[in-house]
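The values are calculated or read from the model by the stated rules, or taken from the named source; none is laboratory data. Everything numeric in this text was worked out from a predicted model, so none of it was measured. When we count neighbours, we look across all protein chains shown, and the Cβ atoms used for this are built from the backbone with ideal geometry, even at glycine.
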Amino acid sequence: MNKKLNNVYKSTCCYCGIGCGVEITVEKNQLISVAGDTQHPVNQGKLCSKGMNLQYTVNDRSDRLLYPEMRYHRSAPLQRVSWDDAMERTAAVFRALIAKYGPDSVAFYASGQCLTEEYYILNKLVKGFIGTNNIDTNSRLCMSSAVAAYKKTLGEDSVPICYDDIEIADCFLVTGANPAWCHPILWRRVEAHKAKNPATKIIVIDPRVTDTCALADLHLQINPGTDIVLNYALGRLLIEQGDMDLDFIEHHTEGYAQYKERVFERTLLESAAICGVAAEDIELAASYIGESKGFLSMWTMGLNQSVVGVNKNLSLIALNLITGKIGKPGSGPFSLTGQPNAMGGREVGGLANLLPAHRDMDNKTHRDELQQFWSGTIISGKPGLTATEMFEALADGRLKAIWILCTNPLTSMPNVRLVEKALHKAKFVVVQEISNKPQTLAFADVILPAAAWAEKEGTMTNSERRISHLHKAIDPPGEARPDAEIFSLFAEKMGFKGFAYQTPQDIYKEHVQLTVGTSITVQGLDYTLIDSLNTVQWPFNVDKKKGTARLFADNKFHTVSGRAQLHSPPVQYLSEMPDLNFPFILTTGRIRDQWHTMSKTGKVSKLNQHIQNAFLEIHPSDAVSLDLRDGQLANIYSLRGEVRVRARVSNSIKPGVVFLPMHWGKILGSDLNRANNLTNDLVDPISKEPDFKFCAVRVEKH
Ligand code: SF4
């Protein structure tokens, strides 16, 4: 059924949330080649460097896990076992722990790279049958602040825009994001639009000069952590200029009086001094926004990964609300998704505080609906442990077992040495993986080999709510199995009913049923229809057989009152501040040609050529004061650990701020490349997203 002409299979790139369409051609010996899908509405055949090299990550199977392994105690060696033995033992241990300590003693840590069907079955298993909400994903590290802010302002986690708004907008505010490197195909659309329409204004807010700034009419190089002050300064100027949409504010929002009061607390000059940018530049930015007909705000980790990440999001979304620039062509607040299926995961309740189809965990009616639908156990109203909380709970013994799939927390988590301690302490660790590289494998009691991208079928949803169907092109190597199949098997061993799916589409159909009557409905959708419509944006209108490009065109929001909520939280500085011992601010981020913890992109020599090693970006004036020259080794210390990498002395960063890429983990026994030795596990109190972009460090010449 999946086979297309000449062994070509449609799929979607498995890296960033832009969701570019690809065609996989199967050559001989299960080798593949990958090309951009010229018919795909997102990328029309274009791919960035990562997408163009996808085939190498699949064809090189030298690191693949091929069969289940197990050990009976930590000092015993891992040994090859059958799937049956691995799952029998895993189910027996989970049953015993749950019987002794309760369902909250076990947890599952998954990934924004899982397919929607995989997320669905795992959530059903954990929330609906084991009876705990301890299922979280690495989307917690990436998107959860945006999710919380969308819910607070718009009533639901709903990205209002579509990519076609790019060609309509005449003002872009890109803040806390470097889409030229991290969302390249989308950014090429912005570049092409600007080339055709030079009057289009692009404002970039970032403490670093990134490649994205090359296209900017205005770069506001702010001091890290001052985003809310800047957003409020823009809000004040828009009001003073008379550029707010009073009719929209009066009829479709709530909270304007408090918002106005808040933004007038500080003068423009005070704000400029706090943010470290010229007052004239803030005025210019406000005039660009105020004069625009279509205003798109775009952001990602720079706002989300913060101890005040939700408030940063709220202060940004307010700019679209006071100008009425939402639900209209070319306008809206656009959170750029980091991972390929973070959105699809949230549709099926893929975080510790969510339930499927945007149902609320604290709503008993919603919980009862699900319990009835699944015929499982009572669904708890208590939010589960989030990503950082899971490892804290393992470390202090509250949590006994963890099942980690499709993610590599020993590189990606903040304060990662605590995560190492936590895994040492765990009574039982299951690692479900495609590769033998992640450091978590060293802690595993059971290793389950999983199928990779192109080796399994399912769906994903991209940043503009676009659902695509990923066809299976080749078989997984050895005994590796798709994640959904692994969870079906585990459920069977646990004695749970309702997991005997024959195909991924059977799982998808169940998800579709749960969306009926909700604002994310995909009623009537199946794989054949997704294929024939060449991807679909939710909500889907079954009668018209049509998706929805843009939300809130009718100005009716998903809040109780139907109005968008303007929030005006106070400015707070809750991050770890520099002091005499740790005088620099460390910010972390991504580079162009690597993806997350490099278990896929790190295999591709072409991608490794761009930047070969971890580095410390530091301003020339700081380097001089440390007698540190470009290319020399630097030691970087925080209260939590140390890193040793070569310095890149650059004017791209502000004095007093240093930057480390987040991709590198433990290599050849040394973990000194790992940025997360240093980062802080402070989290936003609402979203529980960590403060990856701000902690205090000391730098010394090695
Ligand atoms: Fe893949 Fe994102 Fe590049 Fe598109 S922009 S090819 S989705 S990594």
Where residue 672 falls short, out of the listed (1) within 19 Å of residue 409 (Cβ to Cβ); (2) of a type in the set (A, V, I, L, M); (3) surrounded by 20 or more Cβ atoms within 10 Å (Cβ to Cβ): (3)
Filter result for residue 352 (on the phi > 0 side of the Ramachandran plot and either within 25 Å of the chain's Cα centre (by Cα) or not polar (S, T, N, Q) (or both)): no
Enumeration of residues in region 498-517 that are of a type in the set (D, E, K, R) and under 19 Å from residue 369 (Cβ atoms): 509, 510
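Yes/no matrix, rows are residues, columns are (1) touching a residue at least 24 places away in the same chain (Cβ under 8 Å); (2) of a type outside the set (Asp, Glu); (3) in contact with a Lys or Arg (Cβ under 7 Å, 6 or more places away or on another chain):
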{"residue": "262", "(1), (2), (3)": "yes, yes, no"}
{"residue": "278", "(1), (2), (3)": "no, yes, no"}
{"residue": "283", "(1), (2), (3)": "yes, no, no"}
{"residue": "287", "(1), (2), (3)": "yes, yes, no"}
{"residue": "299", "(1), (2), (3)": "yes, yes, no"}
{"residue": "303", "(1), (2), (3)": "yes, yes, yes"}
{"residue": "306", "(1), (2), (3)": "yes, yes, yes"}
{"residue": "312", "(1), (2), (3)": "yes, yes, no"}
{"residue": "326", "(1), (2), (3)": "yes, yes, no"}
Of all residues in region 180-237 being among the aliphatic types (A, V, I, L, M), out of contact with any strand residue (DSSP E or B) (no Cβ under 8 Å at 6 or more places or on another chain) and more than 23 Å from residue 574 (Cα to Cα), the one that is farthest from the ligand (Cβ to nearest atom): 237
Region 458-497, subset in contact with a helix residue (DSSP H, G or I) (Cβ under 6 Å, 6 or more places away or on another chain) and of a type in the set (Ser, Thr, Tyr), residue nearest to the ligand (Cβ to nearest atom): 461
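Given the structure, is residue 140 of a type in the set (Lys, Arg) and surrounded by fewer than 23 Cβ atoms within 10 Å (Cβ to Cβ)? Full working, then the answer.
Numbers: of a type in the set (Lys, Arg): yes; surrounded by fewer than 23 Cβ atoms within 10 Å (Cβ to Cβ): no.
Taking the combined requirement at face value, the residue does not satisfy it.
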Some residue of region 151-173 being of a type in the set (Phe, Trp, Tyr), within 16 Å of the ligand (Cβ to nearest atom) and outside the structural domain of residue 368 (by TED's automatic domain parsing): yes
When residues of region 99-137 are limited to those that are over 16 Å from residue 390 (Cα atoms) and of a type in the set (A, V, I, L, M), the one surrounded by the fewest Cβ atoms within 10 Å (Cβ to Cβ): 99
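Find the helices (runs of 4 or more DSSP H) located wholly in region 295-406 whose residues include 1 or more that are of a type outside the set (Asp, Glu) and crowded, with 24+ Cβ neighbours inside 10 Å, and list them.
Working: elements: 301-304, 309-322, 342-347, 364-374, 387-395.
Result: 301-304, 309-322, 342-347, 387-395.
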Total residues in region 1-20, condition in a loop (DSSP other than H, G, I, E, B) and more than 14 Å from the ligand (Cβ to nearest atom): 4
Out of 42, 93, 58, sole residue that is buried (at least 16 other Cβ atoms within 10 Å of the Cβ), of a type outside the set (Phe, Trp, Tyr) and within 21 Å of residue 478 (Cα to Cα): 58
Entirely in region 21-122, the strands (runs of 3 or more DSSP E) that have 1 or more residues that are out of contact with any Leu (no Cβ under 8 Å at 6 or more places or on another chain) and away from the ligand (no atom under 16 Å from the Cβ): 21-26
Top-ranked residue in region 582-615 [being among the β-branched types (Val, Ile, Thr), modelled with pLDDT under 95 and in contact with a helix residue (DSSP H, G or I) (Cβ under 6 Å, 6 or more places away or on another chain); ranked as nearest to the ligand (Cβ to nearest atom)]: 601
Check on residue 85, surrounded by fewer than 23 Cβ atoms within 10 Å (Cβ to Cβ), in contact (Cβ under 8 Å) with a residue 12 or more places away in the chain and under 26 Å from residue 10 (Cβ atoms): no
Which numbered condition residue 233 misses (of (1) touching a residue at least 60 places away in the same chain (Cβ under 8 Å); (2) under 30 Å from residue 578 (Cα atoms)): (1)
